[in-house]
Amino acid sequence: MATKMPGVIALFDVDGTLTAPRKEVTPEMLKFMKDLREVVTIGVVGGSDLVKISEQLGKSVINDYDYVFAENGLVAFKAGAEVAILSLKQHLGDDKLKEFINFTLKYIAELDIPIKRGTFIEFRNGMINVSPIGRNCSQEERDEFEKYDKVHKIRSTMVSILREKFGHFNLTFSIGGQISFDVFPRGWDKTYCLRYLEDFTEIHFFGDKTFEGGNDHEIFESERTVGHTEMKDRGKEEEKDRFFVAVHVGAGYHSPANEKPLRSAMNRACFTAASLLLQGSDRCVDAVEAAIKVLEDDPCTNAGRGSNLTEDGHVECDASIMDGDSGAFAAVGAVPGVRNPIKIAATLIKEQKTGSSLLGRIPPSFLVGEGARKWAQSKGICSERTIEDAEKWLVTPRTKAQWQKYRAMLDDAKTQNSFSMEPSSSRDHENGLLSARFFQSDSSEFVPVMGLIFCLCLKLDTPTRISVRPNGMLYKLASTHQGTAYSIKSMSFDKVKKFNMALVIRWSPVIESTTEAVEEDLIMDTIGVVCVDNAGHIASGASSGGIAMKVSGRVGLAGTYGSGCWASSRGPFGTPFIVGCCTTGAGESQAGPASACIKVLRSVVQACNQQGTDGSAGILVVQPDAPCEGPGNVPKLKAVEIAAGFSSQSFGVGYYGSSMKRPKVTIFRNKQKSPSDIDHFEAKIDLTDDS
């Protein structure tokens, strides 16, 4: 007999993971679980009560598994013995239960769906299960309702209305199975069972409804678990759904040291979006939201956790999302104290589409600042009570150290009004560091760059590579030779009357390449995602922590209509034309496929050169072919063209299609000689290979 791995448990969802929906477990799965128990502790967790779990996994279930958690763990068993039980009735009280049940039954009574059966509400020990069709329906009727629900969004619409009506009850709504959703107090989701697993250092969870709104989502995303999504085997008799996902992690400069974690983040984002797109049609907005959340949670990106800090040292994020079919757009700007700003934008767009606001009020489409945070709290999106609590997670040691350095530079620049070309210490001289400070001048030897002023006619004794850091942003300038001046991108000089600015010059006894890698990431602004489903529906989204040292309250392009993201299913004259894009850096705007990327970026670079601003930018564009007619005259995605253009030093891009075995993720490096040149990538992916 093999020795069990200490401190490790494999925890499985029941319905849809160990068994087909509401079906009994297969003999092959029982044997697999028995063999697995020889090498690792195993457990199951389900939203159903113990009676229903026993119907699916067998009457001896509490003895066949080391841990059994019914009703998300409100009824818990360990080694065959009951260890805990908690009651919803005691928690809410009869008055609140009656109010909720009465409203829900009235809503179902007025709901127009093809069929209804019986048992629309099932009261369990720790939750209420609501079924619009009724739990007494046959298996065939279950299957038909599941297909109908994917198209008409019966459950998700009902959940949205109940969430708004009973927000003061602090309830969680979790869609699971084929025909129903669970309702329980906040915190009583499947993560509740983790309190009984404190002795385990490694908890592997396996579930199928891991997407946002699914009943496996919270435990899948928990910091205490390693989440695994069960991808359904649809069998040969059913054609595989097609999909396409594209992501980017910003333009700018990505250091080689950070390339591996960024590639990993893009991989996980692609897989997360794919798991939702395989759930059925019209899940594009959900898929975009889930993929961006993965990128926001990764501290390597400038969005959510690890975002750039404002001038006063706080995190304020922007995010937006757009649905191509309806043209609906929603965004949030400069929101403080929220882990995932994309969740606010996604909730806004879903409420726009469902029109669920009470008393006929028009749902908002754009929220900013503290008002956006309060609205998120009312929807259960923001769990932290204060901004300070949220920033314990949002602010990382890297971003804090970066802010402290930039803040010192900014304060120094504001207070200095003298000129010196001497090293501040002998150690600075040894390290090749000179600090130049300028005062009022009438000369023509200055040019504005990024809104700041730099000297253009320094004469040095040795060939020198010069790097300029305006407020922490690094720009490498051309090498100079003894006794000669240098220029920036061949721009003309402008006369300047007065300014206050610090310039840092690093020198070396030999000429160095201006494309030499630096240790710091200098990532411009936004991350973005574009998703296309089997029927050709498209959605896109963007999220950003904004530029470093931005003024508090600044709303960036990631939260602006037509700038951070775009998605549409029809051209200007109503003809089918499916396109989605997301942008990053300076000059963000809508674009078409490959050639349009280059045209747009070229205009951005030219305008920035004329204005003396930085022209680093990137555009990611996805253009699917019009879906062809599949079996039963159902539209089916055929092929997708992806294009990326960038004028920055690097651009992180990943994509994943249903015909691919795994995502393809790359940190593209600009191979062009001039910093203003545009590099690009394009590919066409055939999705008709369903093998």
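The values are calculated or read from the model by the stated rules, or taken from the named source; none is laboratory data. From a predicted model like this one, the values you see are computed outputs, not experimental measurements. Neighbour counts are summed over all protein chains in view; Cβ atoms, including those assigned to glycine, are modelled from backbone coordinates with ideal geometry. Keep in mind that these areas ignore ligands, DNA and RNA; they rest on the heavy atoms of the full protein, side chains included. Shrake-Rupley method; radii C 1.70, N 1.55, O 1.52, S 1.80 Å.
Take the eigenvalues of the Cα gyration tensor for segment 148-201, scale each by 5, and report the square roots as semi-axes in whole Å, largest first.
27, 16, 6
According to a simple spin-label model (label point 7 Å from Cα along Cα-to-Cβ), what is the distance in nm between residue 143 and residue 31?
2.6
Using the beta-carbon distance between residue 24 and residue 123 and R0 = 22 Å, what value does 1/(1 + (r/R0)^6) give for FRET efficiency, to the nearest 0.05?
Efficiency for this residue pair is about 0.30.
Each label point is 7 Å from the Cα along the Cα-to-Cβ direction; what then is the distance between the points at residue 681 and residue 393, in nm?
3.1
List nothing, just return the count: lysine pairs in segment 181-308, 8 or more apart or interchain, with Cα separation under 27 Å.
11
Using only the alpha carbon atoms of segment 129-260, find the Kirkwood hydrodynamic radius as the inverse mean reciprocal pair distance, in angstroms to one decimal.
17.9 Å is the Kirkwood radius here.
Given a 1.4 Å probe and every protein chain left where it sits, what share in percent of the accessible area of segment 53-132 is carbon and sulfur?
51
Counting only heavy atoms of the protein chains, get the accessible area per residue of segment 40-197 (1.4 Å probe) and round it to a whole Å² value.
Each residue of segment 40-197 exposes 41 Å² on average to a 1.4 Å probe.
Accessible area of segment 335-388 with a 1.4 Å probe: how many percent of it is carbon plus sulfur?
55
Where in segment 1-45 does the label zone of residue 60 land, with the point 7 angstrom along Cα→C-beta and an amide N cut-off under 19 Å?
Backbone N within reach: 24-44.
Scan around residue 171 for amide H atoms under 5 Å from its own, H built in the peptide plane at 1.01 Å from N, and keep only partners 5 or more places away or cross-chain.
Close amide H contacts, sequence-distant or interchain: 186.
So which GluC sites (Glu not before Pro) in segment 104-187 end up in coil per DSSP with only 14 or fewer other C-beta atoms within 10 Å?
110
Averaged over all directions, how much area does the convex hull of the C-alpha atoms of segment 17-73 cover when projected, in nm²?
3.6
R0 = 56 Å: FRET efficiency of residue 169 with residue 412, Cβ-based, nearest 0.05?
It comes to 0.60.
Rounded, prolate or oblate: which fits segment 41-184, taking a ≥ b ≥ c as square roots of the Cα gyration tensor eigenvalues, rounded meaning a/c under 1.5, else prolate when a/b beats b/c?
In terms of gyration-tensor shape, oblate.
Which order, highest average first, do 376-387, 25-36, 319-330 follow once you tally other Cβ atoms within 10 Å for each residue and take the mean per peptide?
Ranked from most to least packed, the peptides come out as 319-330, 376-387, 25-36.
Among 651-658, 541-548, 392-399, what's the highest-first ranking by average C-beta atoms within 10 angstrom per residue?
541-548, 651-658, 392-399
For a quick check of your reading of the filter: which GluC sites (Glu not before Pro) in segment 236-326 sit in a DSSP loop and have no more than 12 other Cβ atoms within 10 Å?
237, 238
What distance in nm lies between label points placed 7 Å from Cα along the C-beta direction at residue 260 and residue 688?
4.1
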